[in-house]
Amino acid sequence: MFTIRKAVKDDCPTLRQLILELAAHENGNTDLVYPLEQLEEQGFCDQPSKQLFQALVAQSTDSKQQLVGYIIYYMTYSAFSGKIIRMEELYVNAEYRRCGLGRTLMRELAKEAIQLSVNSIEWDCMSNNESLLLFLKRLGGKDLTDSEGVHMYWLIGDQLKQLVDTSDSDGHQCLATCIREATKEDSRILHQLTQ
């Protein structure tokens, strides 16, 4: 038997070990996994507004009471669909797969989404992870690459620095611009722009 609950700071050492298992399973590169201190600080700090993620964990109810799976997620926003839960990772230890834990974790995340009036849960999946792709489709997940032509891109590390350091030297003539954070007063205009 297992129980699904919100992760707490004391779970971080075991949670990090499960994250290392996932990294080894996906690409073998465990060097990219954040140190324990950063996991604790970024997910379980004293100020909820500074928490970058939340997690649900699956814990065995036997005498070991060990963590055997998790979902890491965070709240994001789309001007088109409102509040979104972004599922970053779903992992169940190999020994405990095929007993419904992944589905149970996803069900608990869906319950939380409904309680928070969230319109969707979104995630991405590597195309070579056929078992996870099949699992997500069985849950009713929609592959936006196929149906909507959506592709995911990222800039990482040196690419970010390169973008910041480059000038508009590609021949485009730009007007002088002032970039600022949007304010509450901008919300009506932002709404019109997204229609």
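The values are calculated or read from the model by the stated rules, or taken from the named source; none is laboratory data. Predicted, not measured: the structure shown is a model, and the values here were computed from it. Cβ sites come from the backbone with ideal geometry, for glycine too, and all protein chains shown count toward neighbours. Accessible surface is based on the protein model in full, side chains and every heavy atom, while ligands, DNA and RNA are left aside. Shrake-Rupley method; radii C 1.70, N 1.55, O 1.52, S 1.80 Å.
Would you mind working out the magnitude of the charge dipole of the chain relative to its Cα centre, with +1 at each Lys and Arg C-beta and -1 at each Asp and Glu C-beta, to the nearest 20 Debye?
920 debye
Just to check I understand the Karplus step: with θ = phi - 60° and J = 6.51 cos²θ - 1.76 cosθ + 1.60, what whole-Hz values come out for the stretch 69-84, glycine and proline as x?
x, 7, 10, 9, 8, 8, 8, 9, 8, 10, 5, 8, 10, x, 5, 9
Which of the peptides 155-161, 57-63 is most tightly packed, and how do the rest follow, judged by the mean count of other Cβ atoms within 10 Å per residue?
Packing proxy ranking, top to bottom: 57-63, 155-161.
Residue-wise, which Karplus ³J(HN,Hα) couplings in Hz belong to the stretch 156-161, taking 6.51 cos²θ - 1.76 cosθ + 1.60, θ = phi - 60°, and x for glycine or proline?
Computed from phi, the couplings for the stretch 156-161 are 9, x, 4, 5, 4, 4 Hz.
Once label points are set 7 Å from the Cα along Cα→Cβ at both GLU26 and SER131, what is their separation, rounded to one decimal in nm?
The two pseudo-label positions are separated by 1.6 nm.
Rounded to a whole number, what % of the accessible area of the chain do carbon and sulfur atoms account for, probe 1.4 Å?
51 percent
Check which residues have an amide H placed less than 5 Å from GLY69's amide H, if you skip close sequence neighbours.
Hits under the 5 Å cutoff: ALA58, ASN93.
Please compute the net charge surrounding LEU155, taking Lys and Arg as +1 and Asp and Glu as -1 over other residues with Cβ under 14 Å from its Cβ.
It works out to a net charge of -1.
Tell me which label goes with the value of percent of Cα pairs over 26 Å apart computed from the coordinates here: (1) 46; (2) 31; (3) 24.
(1)
Given the options LEU163, TYR34, LEU133, identify the residue whose Cα lies farthest towards the positive end of the charge dipole of the chain (+1 on Cβ of Lys, Arg; -1 on Cβ of Asp, Glu).
LEU133
Full-extension gain between GLN17 and SER60, please, as 0.36 nm times their residue separation minus the C-alpha to C-alpha distance.
Net length gain for the segment: 13.9 nm.
What whole number of Å gives the distance from the Cα centroid of the stretch 1-51 to the Cα centroid of the stretch 62-132?
Using only Cα atoms to place each centre, the spacing works out to 14 Å.
Of the beta bridges DSSP finds with both residues in the chain, what % are antiparallel, to the nearest 5?
Here the share of antiparallel DSSP bridges comes out near 90 percent.
If contacts are Cα pairs under 8 angstrom and at least 6 residues apart, what is the relative contact order of the chain in percent?
Value for the chain: 15 percent.
Less than 22 Å apart at the alpha-carbon level, and either on another chain or at least 8 residues along: which lysines does that give for LYS184?
Cα-Cα hits under 22 Å: LYS50, LYS83.
Just the accessible area per residue of the chain, please: how many Å² with a 1.4 Å probe?
Dividing the accessible area of the chain by its residue count gives 74 Å².
Taking K and R as +1 and D and E as -1, what net charge do the other residues with C-beta under 14 Å from the C-beta of ASN119 add up to?
Once positives and negatives cancel, what remains is +1.
Relative contact order, percent, of the stretch 1-111 when contacts are C-alpha pairs under 8 Å separated by at least 6 residues?
In percent, rounded to a whole number, it is 25.
Given charges of +1 on the Cβ of Lys and Arg and -1 on the Cβ of Asp and Glu, with all other atoms neutral, how large is the dipole of the stretch 1-107 about its Cα centre, in debye to the nearest 20?
580 debye
Sorted by accessible area with a 1.4 angstrom probe, largest first, how do GLU40, GLU185, GLU148, GLU26 fall?
Reading off the accessible areas and sorting them downward yields GLU185, GLU148, GLU26, GLU40.
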